Ligand SMILES: [Zn+2]
Ligand SMILES: [Zn+2]
């Protein structure tokens, strides 16, 4: 389960290790480390190389280039959040902005979630709340629409994350959750999050 509030797991651009630091780090020091760059797509700047301008969680803009020129950025729409596992920063000479360069072999591991970063951070809390399903202590399964905790709660079939309460009001609660409470706009993102971080 990702904790989007943890800056060690989800660093801002200038908190990332630089590629020089990674190259000089003892291999065993990084072997088990897991971190992801979250950045919101601002502009697709592709000219010759697939390139995006993105914004990190502190509001800083930087360029990301994909060294695999066949990388398809169609899904990387403005306002969506890209996820780069074990991201590195490339510092350049004095006066030039640092960039992020994704090596060809790593391009496939970059993902995009159809949500703004702020929305994604909120969804992190939803997921935390729903971790009752994983048996986390002190967490109770709860209908996402009416808050009821008893009876059998059925998972949303789209994302498999949020739950709605039993037979009698299932449809009512699902409908309410979907339209009134905005699950319609979160369902796909929750599914994407669960695909990237399965546990
Ligand atoms: Zn309910
Ligand atoms: Zn759903």
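Just so it is clear, none of the values below were taken in a lab; they were calculated from the coordinates. Note that the coordinates shown come from a computational prediction; the quantities given were computed from them, not determined experimentally. Cβ coordinates were reconstructed from backbone atoms using ideal geometry, including for glycine residues, and neighbour counts include every protein chain displayed.
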- [ ] May I ask you to compute the full-extension gain from residue 146 to residue 197, defined as 0.36 nm times their residue separation minus their alpha-carbon distance, rounded to one decimal in nm?
- [x] 15.6 nm
Task: Candidates 125, 171, 40, ranked by Gaussian network fluctuation over the chain, Cα under 10 Å, top entry - done: 171
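If the chain between residue 98 and residue 12 were fully stretched, how many nm would it gain, using 0.36 nm times the residue separation less the Cα-Cα distance? Display every interim value, and only then the final one.
Numbers: separation 86, 0.36 × 86 = 30.96 nm, distance 1.30 nm.
Result for the pair: 29.7 nm of gain on full extension.
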Open item on the list: How tilted is helix 183-196 with respect to the longest principal axis of the chain? Cα atoms for both, answer in degrees (0 to 90, nearest 10).
Closed with: 60 degrees
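For the chain, what does the alpha-carbon gyration tensor say about shape, rounded, prolate or oblate, given a ≥ b ≥ c as the root eigenvalues, a/c under 1.5 as rounded, and a/b over b/c as prolate? Don't skip to the end; give the middle numbers.
Details: a/c = 2.80, a/b = 1.94, b/c = 1.45.
Prolate, since a/c reaches 1.5 and a/b exceeds b/c.
How much length would be gained if the chain were fully extended between residue 46 and residue 154, taking 0.36 nm per residue of separation minus their Cα-Cα distance, in nm to one decimal? Display every interim value, and only then the final one.
Values: separation 108, 0.36 × 108 = 38.88 nm, distance 4.38 nm.
Between residue 46 and residue 154, full extension yields an extra 34.5 nm.
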- [ ] Per DSSP H run of n ≥ 4, the term is -39500 (n - 2.57); total these for the chain, divide by its residue number, and report the mean residue ellipticity at 222 nm rounded to 500 deg cm²/dmol.
- [x] -7000 deg cm²/dmol
Task: Cα→Cβ-extended label distance, 7 Å offset, between residue 20 and residue 5, nm - done: 3.6 nm
- [ ] Please say if segment 21-138 is rounded, prolate or oblate, where rounded means a/c under 1.5 for a ≥ b ≥ c the square roots of the C-alpha gyration tensor eigenvalues, and otherwise the choice is prolate for a/b larger than b/c and oblate otherwise?
- [x] oblate
Open item on the list: Compute the helix-to-body angle for 117-129: its Cα long axis versus the longest principal axis of the chain, expressed 0 to 90° and rounded to tens.
Closed with: 50 degrees
Task: Peptides ranked, highest mean first, by Cβ atoms within 10 Å: ranges 188-197, 90-99, 72-81 - done: 188-197, 72-81, 90-99
